[in-house]
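Below: one structure, written as structure tokens.
Bear in mind that the values in this text are calculations on the coordinates, not laboratory data. What you see is a predicted model; the values in this text were computed from it and never measured. Note that we place each Cβ from the backbone using ideal geometry, even for glycine, and neighbour counts take in every protein chain shown.
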Amino acid sequence: MLLVNPKATTTNARTRDVLIRALGAAVELAVEETAYRGHAAALAGTARAKGYDVVAVLGGDGTINETVNGLLNPESGEDVSGDADPSARRPALIVIPGGSANVFARALGLPNDPVEATGAVLEALREGRRRTVGLGRALWEDQSRYFTFCAGMGYDAEVVRAVEGLRGTGRKATPARYVNTALRHYLATDKRHPAMTLTGPGIPAVEGLFLTIVTNTSPWTYVGTRPVTPTPWASFETGLDLLGLQRMGPLALAPLIRQMLTEGDRLPSGRHLVQLHDEAEFTLSADRPVAFQLDGDYLGEREKVTFRSTPHALQVLV
């Protein structure tokens, strides 16, 4: 089954038709267009229930996130806790980037161009190349949701919220818009009263966090073609990583931004940084509701979220 987001940022109807024909020539293909928020998750759940072997997605990171959640389907009641490789029970995933950032696709090593990426996944289909990846899972109140590459609470989620508001007025989510929004929001943000505390099994409690970035892979995001790497050791084969910031002043933030943009595989350093690597579980709690995002999708304000690593969650043709 191919799930197509007709509003994907970087594709048009002609490109989508070419890609659909290319995939249809290689496999028996059913095509479904998403029509509303959450539709991709419902369609992916249907594909899993009907026994499809592979679910492909033509869309951005938001559509991919919905699809992954539909494939894992935590409400199904399926017990895979004892499986060495629970991904084997689920349809494999094909990703064709169609959004503005395409972080998950690029982290998998796929070209950012949808036509080139289609060529790469067709080659993977012919050769039977599959990669098993782990995912992150966020749990809050009576809800849970998987994420493919990142989550965040605090300042970065506030920027995501602001950009989503601009998208609601018809503006595109370009890298320049994210940067400009982040700068404007920084000038207005409260830099004196951090809200968050980090706790977890075997993790010393850390209070006074303004910003928390939780990652399942690296990079965290892109500014155009430039990767942003707050947690360069993160990968799909390890647990979750975290970068937290206890100061929001220019003297703390400017060096961190420079390191994330220019130092590649080198771990950022600084007195006010909090860092975790390859953790199975930790919790962020706040003394007031703070903004929360998963894979660049704003999910409201929360006071407590637990993050868990989910190894061997999904097979990806790549």
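Helix 114-127 sits at what angle to the longest principal axis of the chain, using alpha carbons and giving 0 to 90 degrees rounded to 10?
The two axes meet at around 60 degrees.
Calculate the length of the line joining the C-alpha centroid of region 187-209 to that of region 82-154, in whole Å.
With region 187-209 and region 82-154 each reduced to a Cα centre, they are spaced 30 Å.
Between Leu166 and Val115, what's the calculated FRET efficiency when r is the beta-carbon distance and R0 is 30 Å? Round to 0.05.
In this case the efficiency is close to 0.55.
Label points 7 Å out from Cα along the Cβ direction at His185 and Tyr36: separation in nm?
2.7 nm
So, by mean Cβ neighbours within 10 angstrom, what's the order for 159-168, 45-54, 141-150, 288-297 with the highest one leading?
Per-residue mean Cβ counts within 10 Å order the peptides as 288-297, 141-150, 159-168, 45-54.
Could you check the simple spin-label distance between Ala13 and Ala26, using points 7 Å along Cα→Cβ, in nm with one decimal?
2.6 nm
What is the distance in Å between the Cα centres of region 210-252 and region 34-50?
Centre-to-centre distance over Cα atoms comes out at 30 Å.
Can you work out the FRET efficiency for the pair Ser269 and Arg126, with r the C-beta to C-beta distance and R0 = 51 Å, to the nearest 0.05?
Approximately 0.70, to the nearest 0.05.
Would you please give the FRET efficiency between Asp142 and Thr225, computed as 1/(1 + (r/R0)^6) with r the Cβ-Cβ distance and R0 = 30 Å, to the nearest 0.05?
So, using R0 = 30 Å, E works out to roughly 0.15.
Would you mind calculating the gained length between Asp287 and Leu261 on full extension (0.36 nm times residue separation, minus the Cα-Cα distance), in nm to one decimal?
Full extension of this stretch gives 6.2 nm more.
Taking 7 Å along the Cα-to-C-beta vector as the label spot, tell me the Trp233-Arg89 distance in nanometres, rounded to one decimal.
For Trp233 paired with Arg89, the spin-label model returns 3.2 nm.
From the mean inverse distance of alpha carbon pairs (Kirkwood) and the Cα radius of gyration, derive Rg over Rh for region 124-240.
For region 124-240, the value is 1.01.
Using only Cα atoms, find the angle between the long axis of helix 175-188 and the longest principal axis of the chain, and express it within 0 to 90 degrees, rounded to the nearest 10.
30 degrees
Cα axis of helix 250-262 to longest principal axis of the chain: angle in degrees, 0 to 90, nearest 10?
30 degrees
Quick one, which of [x] 82, 43, 43; [y] 58, 44, 34; [z] 53, 48, 41 is the actual Cα extents along the principal axes in Å calculated for this model?
[y]
Measuring from a point 7 Å past the Cα of Ala176 along Cα-to-C-beta, which residues in region 86-116 have an amide N at less than 17 Å?
Residues passing the 17 Å test: 100-101.
For Lys172, which lysines qualify as cross-link partners when the Cα separation must be under 20 Å and same-chain residues fewer than eight apart are set aside?
Lys7
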